[in-house]
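One structure below.
The values are calculated or read from the model by the stated rules, or taken from the named source; none is laboratory data. Worth saying up front: this structure is predicted, and the values here are computed from it rather than measured. Reconstructed Cβ throughout: ideal geometry from the backbone, glycine too, with neighbour counts over all protein chains shown.
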Ligand code: ADP
């Protein structure tokens, strides 16, 4: 656990000013929107396990009141710290009324129904994209994030911020991104990086840490990078994550990000936070900064994976100045539901944000109602009125077989034959036999989440069924890597199998283009990008019906969808029989009914998983919380 930072430069006057605010407990719960329209488009909702028709009775939603944070006694007004010049604040009550009863079920974006896989959701490909909202003023949106493709990427979160920020900008909004200035970033991908703020002092323990802020463009996105100068070296480390003080590192970053917005006089309409790493930002906003004049911004928090929550002991309160242990350890606020005495940053983000999304409607349902919330099911229920799922998009500039510079043969719907040139190229590169067989592929982190026992079984099953198998993956866990290396050695002589243990972006492109099927047998999958990328390349996904996989892949034989919307193979049970039922049908169709398989490839390539629809969904959410 990090101790009092050593070597932090402190600025006494700042410290004094802050302490007045810190010593007083804020009483401002986040405003809850009161509009009656769901902010998430019906198109997205229809693809999700939400009711196909609007619920008409209260019982279809949870009848209980959304729990509000405990209202502590009103403390004496703190001495107001010196205010920086504040821009005029738009008229808005600090504490908009809370809805009396959740008796306006139409207002709830929450996923309250069992999965609707059998209830077809009609949005045929021919349907035009959702109409853009009538002329509306652009919003000022700031993403505060620990990751951003292409400079600091660990997982899908980096791609989401990259893709969504561009989509929002295209739609006429002003978008900025705030992230840590990691030593390990891809600086070659940042254009015109320069210092813009030399004197940012961020309260930390009893002092403050001196930070600099840099500005630069990452593929046209406007980015601010925060660099703390202290003996802790929070971001001056070889990797992005994996340190014992990770929770404090990001608690500091979140504080630095909002302090930067406040000191630089920025008053975004929406601050969009991502995952536990930035989940404390709304807590700071409503506990400290609102009374310093920051009454304008609303906060949207997107949770990309509930498996990681940022759980920490009471040291957090000393470090951050959230000084009232009884208040913050309370189960209505940051008290961790599973580990008594611990604090949970993600939970704090859920309680304090104005809206919370996760990355698919199905995962929203699973996390709240199916025990997949890693202990946060209760808090999701309590705040269900402001919780919903939006399927991620993929960046079609990056993932597009018509323009992909990593593949030797480019192709589209009309030129799909060229895909087989990529198949040959893939075989050549991996020294596989050139024959009539189908190629089944797996690309992903070798993490238990991804269904590794089923991946292993699929390799042998595929070979037994007369097809070829290609795997590209890696794990930070040496035991898992060793296991797959063992498998690789065992299959080394097979002309029909290649396992590539490592991370290789370019090879991934060639596999998406050259394979016939993409296997995604996850135990749980918040959204999943691999199946969406595969669809774009006409590579048929074979997936387990969980999370975003269930929202994006529809079974060729069993889906309750029109034929032209069916785009893959789906199985339910996490066992060998389940996997074989889907993979076996896919391989059989490839060999025995090539015409049907080709039709399926066409359906796959026509499926639109660009950022167009989710971009509109997020704008609806922003409007919803702004109008609250
Ligand atoms: P997660 O975020 O859980 O890792 P996603 O499916 O959301 O899974 O995103 C995975 C992304 O990372 C995809 O773009 C996939 O192509 C890429 N990827 C995963 N493993 C590798 C690898 N070993 N080499 C290259 N790309 C990889």
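Per this entry, residue 514 is counted among residues that are more than 25 Å from the chain's Cα centre (by Cα) and buried (at least 21 other Cβ atoms within 10 Å of the Cβ). Regarding residue 549, is this residue closer than 21 Å to residue 427 by Cα and either within 16 Å of the ligand (Cβ to nearest atom) or part of a loop (DSSP other than H, G, I, E, B) (or both)? Criteria not met by residue 549.
Examine segment 471-492 for a residue that is more than 14 Å from the ligand (Cβ to nearest atom), assigned to a helix (DSSP H, G or I), under 19 Å from residue 517 (Cα atoms) and without any contact (Cβ under 8 Å) to a residue 60 or more places away in the chain, and state whether such a residue exists. No, segment 471-492 contains no residue that is more than 14 Å from the ligand (Cβ to nearest atom), assigned to a helix (DSSP H, G or I), under 19 Å from residue 517 (Cα atoms) and without any contact (Cβ under 8 Å) to a residue 60 or more places away in the chain.
Given the condition assigned to a loop (DSSP other than H, G, I, E, B), within 16 Å of the ligand (Cβ to nearest atom), buried (at least 20 other Cβ atoms within 10 Å of the Cβ) and at positive phi, answer yes or no: does some residue in segment 275-286 qualify? There is at least one residue in segment 275-286 that is assigned to a loop (DSSP other than H, G, I, E, B), within 16 Å of the ligand (Cβ to nearest atom), buried (at least 20 other Cβ atoms within 10 Å of the Cβ) and at positive phi.
Mind listing whichever residues of segment 571-606 are surrounded by 22 or more Cβ atoms within 10 Å (Cβ to Cβ) and outside any helix (DSSP H, G or I)? Once the filter is applied, which keeps residues that are surrounded by 22 or more Cβ atoms within 10 Å (Cβ to Cβ) and outside any helix (DSSP H, G or I), segment 571-606 yields only 571.
Scanning segment 521-546 for residues that are near the ligand (Cβ under 10 Å from one of its atoms) and either assigned to a strand (DSSP E or B) or under 16 Å from residue 599 (Cβ atoms) (or both) yields a count of 0. Looking across segment 409-439, the residues that are over 26 Å from residue 463 (Cβ atoms) and either surrounded by 21 or more Cβ atoms within 10 Å (Cβ to Cβ) or in contact (Cβ under 8 Å) with a residue 60 or more places away in the chain (or both) come down to 409, 411, 412, 413, 416. Looking only at segment 416-455, filter to residues that are away from the ligand (no atom under 16 Å from the Cβ), in a helix (DSSP H, G or I) and out of contact with any helix residue (DSSP H, G or I) (no Cβ under 7 Å at 6 or more places or on another chain); which one of those is farthest from residue 547 (Cα to Cα)? By that ranking, first place goes to 428. In summary, strands (runs of 3 or more DSSP E) completely within segment 144-227 and bearing 1 or more residues that are under 21 Å from residue 527 (Cβ atoms), in contact with a strand residue (DSSP E or B) (Cβ under 7 Å, 6 or more places away or on another chain) and more than 16 Å from the ligand (Cβ to nearest atom) occur at 174-180.
Scan segment 503-520 residue by residue and report those that are modelled with pLDDT under 95 and near the ligand (Cβ under 8 Å from one of its atoms). Matches in segment 503-520: 503, 504, 505.
Please verify whether residue 184 is over 23 Å from residue 271 (Cα atoms), touching a residue at least 40 places away in the same chain (Cβ under 8 Å) and surrounded by fewer than 20 Cβ atoms within 10 Å (Cβ to Cβ), treating the condition exactly as stated. Spelling it out, residue 184 is indeed over 23 Å from residue 271 (Cα atoms), touching a residue at least 40 places away in the same chain (Cβ under 8 Å) and surrounded by fewer than 20 Cβ atoms within 10 Å (Cβ to Cβ). Determine the pairs where a residue that is farther than 16 Å from residue 239 by Cα and in contact (Cβ under 8 Å) with a residue 40 or more places away in the chain, located within segment 135-157, has a partner that is assigned to a loop (DSSP other than H, G, I, E, B) and away from the ligand (no atom under 14 Å from the Cβ) with Cβ atoms under 6 Å apart, the partner being 6 or more residues away or on another chain. Once the first residue is farther than 16 Å from residue 239 by Cα and in contact (Cβ under 8 Å) with a residue 40 or more places away in the chain and sits in segment 135-157, its partners that are assigned to a loop (DSSP other than H, G, I, E, B) and away from the ligand (no atom under 14 Å from the Cβ) give 139/173; 139/269; 140/268; 140/269; 141/173; 142/268.
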